[in-house]
Amino acid sequence: MHVLSASVSGIRNLSPTALSFHPQGNLLFGLNGSGKTSFLESLHLLAVGRSFRNASIRPVISHDCDTCLVTAKINKAGKVHNLGMERHRNGESVLRIDAHNVAARSSLAALLPVVMLDTEGLALIFDGPDNRRRYVDGTLFHVEPSFLAVWRRYQRALKQRNAGLKRAIISNDEAWLFDLARAGESLTNSRRQLVARLAETFQDMASTLSPALAGIELIFKQGWDQQVALQEALTSGRDDDIRRGFTQAGPHRADLRLRMNGRAAAETLSRGQAKLVVAALKLAQGQVLTDYLGFPPVYLVDDITAELDESHAARVCEVLQGQGGQVFIAAVEAEELTRFWLGEAHSLFHVEQGRITTLT
Ligand SMILES: Nc1ncnc2c1ncn2[C@@H]1O[C@H](COP(=O)(O)OP(=O)(O)O)[C@@H](O)[C@H]1O
Ligand SMILES: [Mg+2]
C-alpha cells in the first residue's frame with residue numbers, strides 16, 4: 001500500500017500543490033518554518049482524521065482560507081483509490097472515497113494506516129495513559145475490523161452509567177454493569193493479545209536501536225484487578241462508584257507500563273534514550289501492522305536528525321527501509337536525509353516558503 005500522489009490546499013503556509021510520490025523514500029528538506037511538518041500534517045489529517053499538532057482543525061487551515069482540502073490517490077493491493085477530505089473552519093466536512101461521500105473519518109483511516117514518528121511521541125513516555133491507550137487502540141483499529149464497534153459500545157455504556165451515577169439514578173445500574181462488563185472484557189482481550197505481540201517486537205526493536213535498552217519492558221495493565229473478571233470488579237466497586245459518582249475500574253483505566261531494568265522508564269531514561277524508546281515503539285507498531293495486514297503502513301517521520309543522533313537516525317532508517325513500506329521523512333538539510341536513506345529508492349523534495357518542488 002502506498003500513496004501515489006496527493007494534492008493539498010488551504011493548509012497552514014503551504015501553497016496549493018499536487019505531488020507524485022515514490023513508493024519507498026520521500027525525503028523532504030527545507031529551512032525551519034518552510035512547511036515540512038505542515039505537509040506531513042496534511043497526510044496525517046487525511047489518514048487519521050485529525051492533526052498531530054492541534055486537536056481542532058482551525059489552526060491548521062491557512063489564515064486566509066475558510067477551508068482546507070487534502071486528496072490522495074493510493075494503491076492498495078493493486079487497486080487504486082481516491083481519497084478526499086475537505087474541512088471548513090465552521091466544523092463542516094466532506095469526506096470522499098472514490099466517487100462516494102462517506103460519513104465517518106474511520107472509513108478513510110481504514111484505507112490508509114499511517115505511523116507518525118516525531119517529537120510529540122515523547123508524550124507516550126512522559127504523559128498520562130491516554131496517549132498509550134491511543135497507541136494500542138489505534139493499532140487495533142487496523143488489525144481487528146470489529147474493534148471500533150466494541151470500543152464504541154464500551155464508551156457508550158460507560159458514559160451512560162457515569163451520567164446515571166452523577167445524578168444518583170441507579171435503577172438501571174444492573175443493565176449498565178452488564179453492558180460494561182461484556183464490551184469491556186472483549187475490548188481487553190483484544191488489547192491483551194495485541195500488546196503481547198507489540199511487547200515482544202518492541203523489545204527487539206529497542207535493543208536493535210541501542211544495546212543499552214536491552215532491559216526495557218512493555219507491560220499491559222488492563223485497568224482493574226487482574227485476578228477478577230470485570231463484572232466482579234464492577235460489582236464489588238459498586239457502592240464506592242455510587243458514592244464517588246463515576247465508574248472506577250475498567251478498560252478506560254488501562255495503561256502500558258514501560259519499565260527499564262525493573263524501574264519506571266519515565267524516571268530512568270535519559271532524554272536521548274527516551275527518543276529511541278519512542279522510535280522503538282513506533283517501529284514495533286509498524287512491524288506488528290505489517291504482520292497482521294500483510295503490508296507495511298505509511299510512515300511519517302518528522303525532523304529525524306533533530307530527534308536522534310547520526311548513528312541512531314541511520315539505524316531507524318535502516319529498519320524503515322527493511323520494512324519496505326512508503327516513508328515520508330523531513331529534515332533541514334538534504335544531505336542529512338540522503339546520508340541515512342541508502343540507495344536510489346527515493347524522491348527528493350525541496351520545501352521553501354510553503355512551496356514544494358520535486359527535485360528527483
Ligand atoms: N494557519 C496558518 N496559516 C498560515 N501559516 C501558518 C498557519 N499555521 C502555521 N503557519 C506557518 O506555517 C509555517 C510552516 O511551519 P512548519 O510546517 O512547522 O515548518 P517546518 O516543519 O518546515 O519547520 C510556519 O512559519 C508557521 O508560522
Ligand atoms: Mg517541522
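Read the figures in this text as sums done on the coordinates, not as results from a lab. The structure displayed is predicted, hence computed values, not measured ones. Cβ atoms come from the backbone with ideal geometry, glycine included; neighbour counts cover every protein chain shown.
General remarks:
- Angle between the chain longest axis and helix 271-293 axis [Cα atoms, degrees, rounded to 10]: 80
- Think of the stretch 119-295 as a dipole: +1 on every Lys or Arg Cβ, -1 on every Asp or Glu Cβ, centred on the Cα centre; then among Gly215, Gln231, Ala249, Ala249 lies furthest on the positive end.
- Under 15 Å from Lys275, Cα to Cα: aspartates and glutamates that are on another chain or at least 8 residues apart: Asp118, Glu120, Asp127, Glu267, Asp302, Asp303, Glu307, Asp309, Glu310
- Amide proton proximity set for Met116, modelled H, under 5 Å, gap of 5+: Leu300
- For the chain, relative contact order (Cα pairs under 8 Å, six or more residues apart, normalised by length) works out to 26 percent.
- Alpha carbon convex hull of the stretch 119-295, volume per residue in cubic angstrom: 118
- Helix 36-48 axis versus longest C-alpha principal axis of the chain: approximately 50°, rounded to the nearest ten.
- Cβ-defined net charge surrounding Ala18, 14 Å radius [Lys, Arg +1; Asp, Glu -1]: +2
- C-alpha long axis of helix 310-323 to longest principal axis of the chain, angle in °: 80
- Which listed pairs, of Lys166/Lys282; Lys221/Lys282; Lys73/Lys282, have C-alpha distances above 28 Å, in listed order: Lys166/Lys282
- Highest to lowest packing among 251-257, 227-233, 332-338, scored as the average C-beta count within 10 Å: 251-257, 332-338, 227-233
- For the stretch 128-203, the relative contact order works out to 39 percent when only alpha carbon pairs closer than 8 Å and six or more residues apart are counted.
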